[in-house]
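**Q** Below is a structure I'd like to ask you about.
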Amino acid sequence: MGELILCSQQLAAMPYYIENVSLNVYSLDELCYYIKNNTCLLDADFMDDELCDWVENEQHLPDIAFECGKIKADRFLENRKYVSSIAEYRKLLQSCETEMPQMVGAVWHNLGTAYARLFLFEQAADCYARAYEKSSDKESLKECLMACRCNHDERAFERRREYFKIEPEEAKKIADELSSCSRSDAICQFETMLDEWDPGDENVWETQLEEWKKQYRKDCMV
């Protein structure tokens, strides 16, 4: 006899159709069972908008749907598809129905990280500030101040420090930590490489500049 598994979740009026195996699932239990036993069949597109909508609308689980959407956005961020991740995080926040402040804060934090990696530090600082307001995570507050420093905006740094009631000593520690990061081995090696290049060799500088432009355009691709 086969094993009987009792489903604890309600059955959906409309099933979720898993196209690559031609399978309908009617509950979150069935979906989890499929994922557990068919991990090798899952691809990068499995966690798509259609699945998130089904979990929210048919299973009436907005928190789970929000987490699914975050996983999709996080995957874009991890793979340096920053513009796509920004769009997904923004979409999540616009349709936010979850009551989990920590999760919402994590989305704001990761949105800030996506902006920071595109060197959009002002937008990053705003997102990190929103993250801290939601989750009270000190890491978000630190990243907010660091983004202000990276943007060379001392007025914004001081304004954020006062707004969040950060003691000057703590703010100095954060500023010093950023300064320490700017003297890392990797950055020192990079600066040494630049110093060794011939200032008059335009071909070297133009080639490197084109490589940086190419990488930045790639990071900005959807």
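The values are calculated or read from the model by the stated rules, or taken from the named source; none is laboratory data. This one's a predicted model, so the numbers in the text were calculated from it and none came from an experiment. Quick reminder, even Gly has a Cβ in these numbers, built from the backbone with ideal geometry, and neighbours come from all protein chains shown. In case anyone asks, the SASA skips ligands and DNA or RNA and just uses the protein heavy atoms, side chains included. Shrake-Rupley method; radii C 1.70, N 1.55, O 1.52, S 1.80 Å.
**Q** If you scan segment 36-70, which residues turn out to be at pLDDT 80 or above and among the hydrophobic types (A, V, I, L, M, F, W, C)?
**A** 66, 68 - these are the residues of segment 36-70 that are at pLDDT 80 or above and among the hydrophobic types (A, V, I, L, M, F, W, C).
**Q** Answer yes or no as to whether residue 220 is modelled with pLDDT under 80 and either touching a Gly at 6+ places or on another chain (Cβ under 6 Å) or within 28 Å of residue 103 (Cβ to Cβ) (or both).
**A** Numbers: modelled with pLDDT under 80: yes; either touching a Gly at 6+ places or on another chain (Cβ under 6 Å) or within 28 Å of residue 103 (Cβ to Cβ) (or both): yes.
Answer is yes for this residue.
**Q** In this structure, does residue 24 turn out to be open to solvent by 60 Å² or more (accessible area, probe 1.4 Å) and either at pLDDT 95 or above or not hydrophobic (A, V, I, L, M, F, W, C) (or both)?
**A** yes
**Q** Still on this structure, I have one more. Just name the residue that is least open to solvent (accessible area, probe 1.4 Å) out of those in segment 35-58 that are without any contact (Cβ under 8 Å) to a residue 12 or more places away in the chain and of a type in the set (A, V, I, L, M, F, W, C).
**A** Here the residue is 46.
**Q** Further question on the same structure: Could you tell me whether segment 172-179 includes any residue that is more than 26 Å from the chain's Cα centre (by Cα) and modelled with pLDDT of 85 or more?
**A** Yes - at least one qualifying residue is present in segment 172-179.
**Q** Related question: Output the number of the condition that residue 17 fails; it satisfies all remaining conditions of (1) open to solvent by 30 Å² or more (accessible area, probe 1.4 Å); (2) among the hydroxyl-bearing types (Ser, Thr, Tyr); (3) at pLDDT below 80.
**A** (3) is the only condition that residue 17 fails.
**Q** Find the helices (runs of 4 or more DSSP H) located wholly in segment 38-94 whose residues include 3 or more that are more than 18 Å from the chain's Cα centre (by Cα) and closer than 21 Å to residue 20 by Cβ, and list them.
**A** Values: elements: 49-57, 62-78, 82-94.
Per the criteria, 49-57.
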